[in-house]
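Please read the structure below before turning to the comments.
Please treat every number below as a calculation from the coordinates, not as lab data. What you see is a predicted model; the values in this text were computed from it and never measured. Because the Cβ atoms are built from the backbone with ideal geometry, glycine has one as well, and the counts that use them run over all protein chains shown.
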Amino acid sequence: MSFTSWRGTVGVIKPTYRPGSLEEFIRLLPDGIAVIPLFLGIRRGTIQEFRDTLTAVEQKVGELVEIGVDLIHPEGAPPFMLLGYAGERELVERWQRDYRRPVITSGMSQAEAMRALGMRRIVGVTYFKGELNDVFAQYFVDAGFDVLAMEGLEVEFEMVGRLSSREVYAHTKAAVLRQERVDGVYMLGSGWRVLDIVELLEQDLELPVVHPVPARVWAVQQRFRVRQRAKGFGRLLAELPAVAR
């Protein structure tokens, strides 16, 4: 079985059934790029639950190969960042050998986006707490970034989608202003509905901002050799900078 579209088909593996990010992703993709989504059904957002999903992720990778997609994108920072930067790459390389399909994780797309925008000293904001934020920070340190802070916003996992983007704006701006010599902002997680403040943050802080959804759209375009700019969602999609080699 093989389903194709004229500019390429990407298979995404969504960690949760949370609405929002899939719709945003599809709306921002250029016409002709098709999306086939599969879901894991994560509900609690705990470290153990994230660790337990990797076997299920690989099963979904195999399913997408059978469907015949051109690119596989397992989403979600925690399941892969818990492996560490090097561990994630080892797993992805094995999948690419075994399944003969290109695979890119959220962390990989976001690190690539940061490099393309010239970001080195970053402030991260998340909707997770405690130990997970330390894991996220270490992932990007190992990827070559100077992580000045990785600050979580206090919210229950299932309530993330109800956060006001204005509240996230205030949290992000305060986190950045607590640091010195910041050259980029990283917003971890697709669960919060904050695309409307990405460009506003860039304007007010005079810094590039990487958010998972625009980073996902940019990474897919890079791999499919498509260059369709979109304004209103930050520099990454407005400029489509090349992957830094």
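How about segment 88-102: which of its residues are within 19 Å of Leu40 (Cβ to Cβ) and either touching an Asp or Glu at 6+ places or on another chain (Cβ under 9 Å) or not β-branched (Val, Ile, Thr) (or both)? Please lay out each step first, then the result.
If we filter segment 88-102 for residues that are within 19 Å of Leu40 (Cβ to Cβ), which is where we start, we get 88, 91-92, 95, 99, 101.
Passing the criteria: Glu88, Leu91, Trp95, Tyr99, Arg101.
Identify all residues within segment 197-245 that are part of a helix (DSSP H, G or I) and charged (D, E, K, R); write none if there are none.
Residues of segment 197-245 that are part of a helix (DSSP H, G or I), as a first pass: 197-205, 212-224, 235-239.
Glu199, Glu202, Asp204, Arg216, Arg223, Arg235, Glu239, listed by residue number.
Restricting attention to segment 85-127, which residues are among the polar types (S, T, N, Q) and within 16 Å of the chain's Cα centre (by Cα)?
To start, the set of residues in segment 85-127 that are among the polar types (S, T, N, Q) comprises 96, 105-106, 109-110, 126.
Hits for segment 85-127 are Thr105, Ser106, Ser109, Gln110, Thr126.
Run Glu151 past the list (1) surrounded by fewer than 21 Cβ atoms within 10 Å (Cβ to Cβ); (2) within 24 Å of Leu28 (Cα to Cα); (3) touching a helix residue (DSSP H, G or I) at 6+ places or on another chain (Cβ under 6 Å) and report the number of the one that doesn't hold.
So the condition that Glu151 fails would be (2).
Which of the numbered conditions does Met187 fail, given that it passes all the others? Conditions: (1) in contact with a strand residue (DSSP E or B) (Cβ under 6 Å, 6 or more places away or on another chain); (2) surrounded by fewer than 15 Cβ atoms within 10 Å (Cβ to Cβ).
That leaves (2) as the condition not met.
For segment 87-105, indicate whether the set of residues that are within 19 Å of Glu24 (Cβ to Cβ) and without any contact (Cβ under 8 Å) to a residue 40 or more places away in the chain is non-empty.
The first filter runs over segment 87-105 and keeps only residues within 19 Å of Glu24 (Cβ to Cβ), leaving 104-105.
Among the residues that remain, those that are also without any contact (Cβ under 8 Å) to a residue 40 or more places away in the chain are: 105.
Scanning segment 87-105 turns up at least one residue that is within 19 Å of Glu24 (Cβ to Cβ) and without any contact (Cβ under 8 Å) to a residue 40 or more places away in the chain.
Restricting to segment 33-56, what's the tally of residues that are touching a Lys or Arg at 6+ places or on another chain (Cβ under 7 Å) and touching a residue at least 40 places away in the same chain (Cβ under 8 Å)?
The number of residues fulfilling the criteria is 1.
Counting only residues that are farther than 20 Å from Gly8 by Cα and buried (at least 24 other Cβ atoms within 10 Å of the Cβ), which one in segment 213-245 is nearest to the chain's Cα centre (by Cα)? Can you show your working first?
Here is the first cut: in segment 213-245, the ones farther than 20 Å from Gly8 by Cα are 231-236, 238-239, 241, 244-245.
Pick out the ones that are also buried (at least 24 other Cβ atoms within 10 Å of the Cβ) and you get 234, 236.
Working: Gly234: 15, Leu236: 13 Å.
The extreme case among them is Leu236.
Would you check if Val12 is touching a Phe, Trp or Tyr at 6+ places or on another chain (Cβ under 8 Å), free of Cβ contacts under 8 Å to residues at least 60 places away in the same chain, farther than 20 Å from Asn133 by Cβ and surrounded by 16 or more Cβ atoms within 10 Å (Cβ to Cβ)? Working first, answer last.
Values: touching a Phe, Trp or Tyr at 6+ places or on another chain (Cβ under 8 Å): yes; free of Cβ contacts under 8 Å to residues at least 60 places away in the same chain: no; farther than 20 Å from Asn133 by Cβ: yes; surrounded by 16 or more Cβ atoms within 10 Å (Cβ to Cβ): yes.
Here the answer is no, as Val12 does not meet what is asked.
Any idea which of Val123, Val147, Val141 is closer than 22 Å to Ser190 by Cα and without any contact (Cβ under 8 Å) to a residue 24 or more places away in the chain? Outline the logic, then answer.
Numbers: Val123 fails: without any contact (Cβ under 8 Å) to a residue 24 or more places away in the chain; Val147 fails: without any contact (Cβ under 8 Å) to a residue 24 or more places away in the chain.
Sole residue among the options that is closer than 22 Å to Ser190 by Cα and without any contact (Cβ under 8 Å) to a residue 24 or more places away in the chain: Val141.
Just give me the residues in segment 131-146 being out of contact with any Leu (no Cβ under 8 Å at 6 or more places or on another chain) and crowded, with 18+ Cβ neighbours inside 10 Å, in sequence order.
Quick first cut of segment 131-146, residues out of contact with any Leu (no Cβ under 8 Å at 6 or more places or on another chain) only: 131-134, 137-146.
Matches in segment 131-146: Leu132, Asn133, Ala137, Tyr139, Phe140, Ala143, Phe145.
What number of residues in segment 156-191 are without any contact (Cβ under 8 Å) to a residue 12 or more places away in the chain, charged (D, E, K, R) and under 15 Å from Ser21 (Cα atoms)?
Adding up the residues that qualify gives 1.
Out of Val147, Val160, which single residue is outside any helix (DSSP H, G or I) and over 22 Å from Trp218 (Cα atoms)? Talk me through it step by step, then tell me what you get.
On the way: Val160 fails: outside any helix (DSSP H, G or I).
After ruling out the rest, the residue left standing is Val147.
Sort out which residues of segment 23-71 are out of contact with any Ser or Thr (no Cβ under 9 Å at 6 or more places or on another chain), more than 25 Å from Arg229 (Cβ to Cβ) and outside any helix (DSSP H, G or I), and write them in order of number.
Leu38, Arg44, Thr46, Asp52, Thr53 - these are the residues of segment 23-71 that are out of contact with any Ser or Thr (no Cβ under 9 Å at 6 or more places or on another chain), more than 25 Å from Arg229 (Cβ to Cβ) and outside any helix (DSSP H, G or I).
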